Amino acid sequence: MSRCPRCGSYNVKKISSWSMFLTLLASGGCLVWLATRFPPLWVLAGIVLLFSFFVLIGKSSWRCLDCKHAWVAKKGVEKQVRQENKEKEKKEKR
């Protein structure tokens, strides 16, 4: 299973790219509303909205539930974690 690079804990969770997308989209929407009152914020709102779409095609992110550290997974880690989780579920069923 994947380990936290900071504390070494196995208590990690994948951060859904959809939840990050929706969070950034909502933040961008709030910035658009604020930009109607403070025009310089249009630039920041545009950057946040554009970045939210790149999150969907980016690499997987992980968060340690012990120390709250977040990092981008290396290539192939997600597949390995899925296999290990399946094996763990099989052992628990026995």
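How do the pairs read when you match residues in the stretch 1-23 that are touching a residue at least 24 places away in the same chain (Cβ under 8 Å) with residues anywhere that are among the hydroxyl-bearing types (Ser, Thr, Tyr) and assigned to a strand (DSSP E or B), using Cβ under 9 Å and keeping only pairs 6 or more apart or on different chains?
Close Cβ pairs satisfying both conditions: Lys14/Ser61; Ile15/Ser61; Ser17/Ser61; Met20/Ser61.
Mind checking which residues of the stretch 32-48 are closer than 20 Å to Phe21 by Cα and among the small types (Gly, Ala, Ser)?
Ala45, Gly46
Each value in this text was obtained by applying a stated rule to the coordinates, not by laboratory testing. Predicted model only: the values in this text are computed from it and were never measured. FYI the Cβ positions are ideal-geometry reconstructions off the backbone, even for glycines, and counts take in every protein chain you see.
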